[in-house]
1. Using only the Cα atoms of the protein assembly as shown, what do you get for the radius of gyration and for Dmax, in Å?
2. What is the mean number of Cβ atoms from other protein chains located within 10 Å of the Cβ atom of each residue in peptide B:21-27, rounded to a whole number?
3. With each label point set 7 Å from Cα along the Cα-Cβ vector, what nm distance links A:ALA121 and A:ALA151?
4. How many Cβ atoms of partner chains, on average, are near each residue of B:144-154 if near means within 10 Å of its Cβ?
5. Take chain B, compute every pairwise Cα distance, and split them into 10 Å bins from 0; I just need the percent in each bin.
6. Any aspartates and glutamates with Cα under 13 Å of the B:LYS250 Cα? List them, leaving off those in the same chain fewer than 8 positions away.
7. Would you mind getting me the FRET efficiency between A:TYR175 and B:ALA99? Use the beta-carbon distance for r and R0 = 25 Å, nearest 0.05.
8. Sort B:SER427, A:SER2, B:SER125 by Cβ crowding within 10 Å, fewest neighbours at the top.
Amino acid sequence: MSFTMIVFYVLSAILLFSAFRVITAKNPVHAALWLVLAFFTSAGHWLLLEAEFLAISLVLVYVGAVMVLFLFVVMMLDINVEQLREGFWRHFPLAATVGLIMAAEMALILAAPETRLADYAPAAPLAADASNVKQLGLEIYTTYLMPFELAAVLLLLAIVAAIALTQRERKDGKYVDPARQVEVKAADRVRVVKMDAVREEAPQTEAADAAQSQ
Amino acid sequence: MNWADLNLMPALPELFLLGALSFILVFDLFVPDEKRGVTYVLSLLTVALCAVLQVATFEPFAVTTFSGMFVDDPVADIIKVAMYGATAATLVYSRQYVADNGMFRGEYFTLSLFALLGMNVMVSSANFVTLYIGLELLSLALYALIALKRDSAAGTEAAMKYFVLGALASGMLLYGMSMVYGATGSLDIHVIATGISRPETNIVLLVFGLVFLVAGLAFKLGAVPFHMWVPDVYQGAPLAVTLMLGAAPKLAAFVFVIRILAQGLGELAAQWQGMLVLIAALSMLIGNLAAVAQTNIRRMLAYSTISHMGFLLLGVLAGNEQGYASAMFYALTYVLMSLAAFGVLLALSRAGFECDKVDDLKGLNARSSWYAFLMLLVMFSMAGIPPLAGFYAKFAVLRAVVDLPVLDFGFFAGSPVYLAVFAVLMSLVGAFYYLRVVKVMYFDGSQTDAPIVVRGDMKLLLSVNALALLVIGLLPERLVELCIDAMRQSLASF
């Protein structure tokens, strides 16, 4: 067993464990931290595949930016985890059984000799000075121009969708329209309610009478 | 590739759509609320101009650009023009509804146009990467549209369900694509198609990926056993968005299936035919039986959609030009029917009232005999009663199936006639709930005498839409020939 294989299996074990903890951790902050570990470990996998640039950008973008933002949100919102996870353990046995059966079936097919997975030899290692970034740049801006541009459109759509769903005129907004302020009349501010006078019955009549007679 | 090679002409409608969409996005910021109609008109104009550009750049053969990732063939052209029509009709039908429900804002129109762009990309992609990005463009826009009525708990729930299940299906699709990539070494559907026939290609790995691809596709079409989201989303989404969901995306999903299964993995037809037989038969069975029990007309139409998708897959599983063309014809007529059915429901809805029970149609004939007649046409067409378009669509699909040689998939071996007989029996079950709507409209007493107020342009378009079912049903030859020619040209380019 070569060193890279040992690294691969160690990384995979950590990845699987942390991914499992993401969905089983009771505390959402812990779940987010486990997710950070999962991303970090998969970046290790990409390094093994000699995709250095992608590995670094995974760490920078997901671990550095996305997950930190996510942690902030999780910490700011007071999420009731118990309520969210209601029914999780009740459905767990069935879901786990289905998942395990599917995984076993997939493993059976992939491990069968007819699948000939052994034919897929690992790619020859790149030269030490092969530049990942250069190759990526060349491919993205020429062959993959269309998906690249469309990904930009997808991001634009995500912005529009997020704004449409969150930023609308809200009832709890503090904004006041000046035109409506100027238009206001006295009748809008004070409401005069006409009603009969109500006299309170004096409770200590006897005491008052006594005071008068003195 | 160098820049002089980049031919942008085939993608002209998409480029225009993206430009106009970005313009409307910014322009709308400066439009005051009471003049929102300007955005509406601009959106309609954009869609109309896209259709003009599409027809103007029509070529009777396949043209590829963007390093073979974008393909503009006759099937794409016809389906795209139909999608522009469906989107325009959706916008016209839903105008009053969105105004009544506080959704008459710029985002409604820009998100609709984003969805249209996504569908265009899905239809015109010849590469798994762009196919997937197009699908995500469409799905993301739809998730947001479903949840757009933020105060509605049902809408939010529907959006959440659609989002979670949609993400799962996308995951399956991607996993399947990665396996196909592993086996053939390419994401380009032309290269995949030629790669499969090479002897050294790993067929087991390909079929393994194919299972996940078919599961993902069945989810996107809403076919059994991946149909659970359809009724909830149809019922929970705002009616205008349900209309959008049920019309043009079905066309895009159909071409999506054709691109992946017929063009990319056509050599594996013997493998996916068996899967599609099961999916199609179950969709027709469960869709029709469950629809019988519905009292909510939107749920009923959702289950009817499931059964129609089963019928459509019946055409696809024939695996030949005739079958694909009949499925294309089916998809086109189904979209016309779906538009008209939800259009009538939208016409009957008004501020504070949504027409979503079958009982809400009671005595429609007494209130407005014209709308009752239009709905009757739609219901008869969906049930497949001649001389309406739905009958011919079913007939064409069944003919393609019956013409097949003897089928043998292990679990089902025998004459394809059994499959056709089963489909006809299920249509018979379907006729029950379609005719029930007709019975409710014509023979039951009205519960309300609220006047039906509909904008003139909507009334005209809705009438044309429903009457088109009659015209296509009587004279289907032109459209059928168009579908067959287009399908032949598109498949010949492989």
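1. Taking only Cα atoms of the protein assembly as shown, I get Rg and Dmax of 29.4, 125 Å.
2. Values: counts 4, 2, 0, 0, 3, 0, 0.
Mean shielding count: 1.
3. 3.1
4. Values: counts 8, 2, 0, 3, 4, 0, 5, 1, 0, 0, 0.
Partner Cβ neighbours, averaged per residue: 2.
5. With a bin width of 10 Å, the distribution comes to 4, 20, 32, 27, 13, 3, 0, 0.
6. Qualifying aspartates and glutamates at Cα under 13 Å: none.
7. On the way: r = 23 Å, r/R0 = 0.92.
The value I calculate is 0.60.
8. Going from least to most buried by this count: A:SER2, B:SER427, B:SER125.
Bear in mind that the values in this text are calculations on the coordinates, not laboratory data. Remember, predicted model here, so these are calculated numbers, not experimental data. In this analysis, Cβ positions are derived from the backbone assuming ideal geometry, glycine residues included, and neighbour counts consider all displayed protein chains.
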